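**Q** Take a look at the following structure, please.
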Amino acid sequence: MTPETSAPSSPPTPGEVDCLVVGAGPVGLYQVFQLGLQELSCAVVDALPFLGGQCAELYPDKPIHDLPGLLACSGAELVGRLVRQLEPFKPRCVLGQEIVALAAEPDGRWRLGDAAGRVWLARSVVLAAGVGAFAPRRLKLAGIEALEGRQVWHREPRAGDSIGAVPWVHGGDDRALDAVTALVDLGAPVVHLLYRREVYPASAARVARLEGLIAEGRVVRHVGQPESLLLDDAGRLVGIAWMAADGSAPAAPASSLHVSLGLNPRLGPLADWDLGLARKQVPVDPATFETRLPGIHAVGDVCSYPGKLKLIVSGFHEATLAAHAIAHRLRPDAPRILEYTTSSARLQRILGVDATHAARDTP
Ligand SMILES: Cc1cc2nc3c(=O)[nH]c(=O)nc-3n(C[C@H](O)[C@H](O)[C@H](O)COP(=O)(O)OP(=O)(O)OC[C@H]3O[C@@H](n4cnc5c(N)ncnc54)[C@H](O)[C@@H]3O)c2cc1C
């Protein structure tokens, strides 16, 4: 699966699919697989710049112990396995874009739009939006918004960012420490790192690398909480003032600032889509996982029904039933047959499995 991250052509040509999956967490990825088994065309969109939702964002290295038949499988490994499993279906995948708009079309389809202006026309929709779209937690300081994208960024440093001679990073997690290394790699002579504590909530390897850069004089560490941005008469960032741990209030020159304070999930536009949200979850019919809007389903952490458990395995069940319900709705005259991947020639053909080998490999 090759994710698309660039902006669409202008004006954008709508992507037409049988089903658009909103959210590429573990449940959204498995949803794509199940829709593929039903031979429905499908695309998946996620606000994060990578696949895997909470598994990839919150616990990529932690082992999960309650997946059927897998004694231990890290969040990252599960995502890798799910992506490999759906590869036969080659779905379109757009990352780094939040779906922000939903509207009904006269022909019964749904029109969805992402923040970059990409448009989708879908005969059905599956919301696999988990606890919401992850967005960077923002640093709240007077005047910061006017500098966003010019001298301040709430994302990782990229070639082309005008970092200037005195770049700063604010944060202490893995991403913040990666930002420091990225700025060094981009040629910054010295990078300033500001974090509220002396201990960093980052991997041991990253902390060791940081200590090495500090020892080499490539990074200067400051402990404290940013208090204000210092601007010149033209409104350009020229310094940062912070409250130090010892109660003093120092300030120092700054030419740019990359902020990394973690990500916050927010349901965002979903909350305005007349889905009857209750406690930030979408009520569904547990037989079909359809919401109260026809053709719009919800699975995984975002859905609610009596007895709902926010577990990956529950999401896999929900995605399976949703795919069957969608196939039935889009092809009402087709016979409803339950097929097994172990024995169905059709399923093995679309999965690219050689039936002879599959039978021989079965113990
Ligand atoms: C620390 C931790 C440990 C856990 N351990 C376990 C465990 O051991 N076993 C277990 O079963 N479960 C565990 N869970 C729970 C499990 O991670 C969730 O149940 C699972 O991730 C839900 O998957 P999902 O696909 O529904 O949602 P998510 O993983 O939340 O993915 C949803 C995705 O949708 C995207 N999205 C949302 N809105 C939009 C939008 N409008 N446009 C585009 N994209 C959007 C988000 O960016 C996100 O990537 C754990 C959770 C945490 C936090």
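The values are calculated or read from the model by the stated rules, or taken from the named source; none is laboratory data. The model shown is predicted, which means the values in this text are computed figures rather than measured ones. When we count neighbours, we look across all protein chains shown, and the Cβ atoms used for this are built from the backbone with ideal geometry, even at glycine. All accessible areas refer to the heavy atoms of the entire protein, side chains included, with ligands and DNA or RNA removed. Shrake-Rupley method; radii C 1.70, N 1.55, O 1.52, S 1.80 Å.
**Q** Over all distinct alpha-carbon pairs, what is the Kirkwood Rh of the chain in angstrom?
**A** For the chain, the Kirkwood estimate is 22.8 Å.
**Q** Then there's this: Placing +1 on the Cβ of each Lys and Arg and -1 on the Cβ of each Asp and Glu in the chain, which of Ala298, Val223, Leu177 has its Cα farthest towards the positive end of the resulting dipole?
**A** Ala298
**Q** Who wins for biggest fluctuation among His222, His258, His324 in a Gaussian network model of the chain, springs between alpha carbons below 10 Å?
**A** His222
**Q** On to the next question. Which percent, nearest 5, of DSSP beta bridges in the chain are antiparallel?
**A** Percent antiparallel among DSSP bridges in the chain is about 45.
**Q** Same structure, new question: Please report, in debye to the nearest 20, how large the charge dipole of the stretch 138-261 is about its Cα centre when each Lys and Arg carries +1 at its beta carbon and each Asp and Glu carries -1 there.
**A** The calculation lands at about 160 debye.
**Q** Under a straight-distance cross-link criterion of Cα-Cα below 27 Å, which lysines are reachable from Lys62, leaving out those fewer than 8 residues away in the same chain?
**A** Filter leaves Lys280, Lys308, Lys310.
**Q** Next up: Of all accessible surface on the stretch 138-261 at a 1.4 Å probe, what whole percent is carbon and sulfur?
**A** Carbon and sulfur atoms account for 54 percent of the accessible area of the stretch 138-261.
**Q** Could you grab the relative contact order for the stretch 138-261? Cα pairs under 8 Å, six or more apart, rounded to a whole percent.
**A** It rounds to 34 percent for the stretch 138-261.
**Q** Please state the charge dipole magnitude for the stretch 217-363, taken about the Cα centre, from unit charges on C-beta atoms (+1 on K and R, -1 on D and E), reported in debye and rounded to the nearest 20.
**A** Dipole magnitude for the stretch 217-363 comes out near 380 debye.
**Q** If you find the alpha carbon centre of the stretch 225-289 and of the stretch 291-321, how far apart are they in angstrom?
**A** 29 Å
**Q** To continue, here is another question. Nearest 10 degrees is fine. How inclined is helix 26-37 to the longest principal axis of the chain, computing both from alpha carbons?
**A** Between the helix axis and the principal axis of the chain, the angle is about 30 degrees.
**Q** What does the accessible area per residue of the stretch 138-261 come to in Å², with a 1.4 Å probe and no ligands, DNA or RNA counted?
**A** 49 Å²
**Q** Here is a further query. Quick one: compute the contact order of the chain, relative version, from alpha carbon pairs under 8 angstrom and 6+ residues apart, as a percent.
**A** 18 percent
**Q** Here's a follow-up. Can you tell me the orientation of helix 312-330 relative to the chain, as the angle in degrees between its alpha-carbon axis and the longest Cα principal axis, to the nearest 10?
**A** 50 degrees
**Q** Also, I was wondering about something else. Run the numbers for Glu198 and Ala241: contour at 0.36 nm per residue of separation, minus the present Cα-Cα distance, in nm.
**A** The Glu198-Ala241 span can extend by a further 13.7 nm.
**Q** Then there's this: Using helices alone, I'd like the mean residue ellipticity at 222 nm for the chain: each DSSP H run of four-plus residues gives -39500 (n - 2.57), total over residue count, nearest 500.
**A** So the helix-based figure for the chain works out to -7500 deg cm²/dmol.
**Q** Enter the angle in degrees (range 0 to 90, nearest 10) between the Cα long axis of helix 174-185 and the first principal axis of the Cα atoms of the chain, meaning the one along which they spread out most.
**A** Taking Cα atoms only, the helix is inclined about 60 degrees.
**Q** Using a simple charge model, +1 on the beta-carbon of Lys and Arg, -1 on the beta-carbon of Asp and Glu, nothing else, what dipole does the stretch 75-162 show about its Cα centre, in debye to the nearest 20?
**A** Dipole of the stretch 75-162, to the nearest 20 debye: 120 debye.
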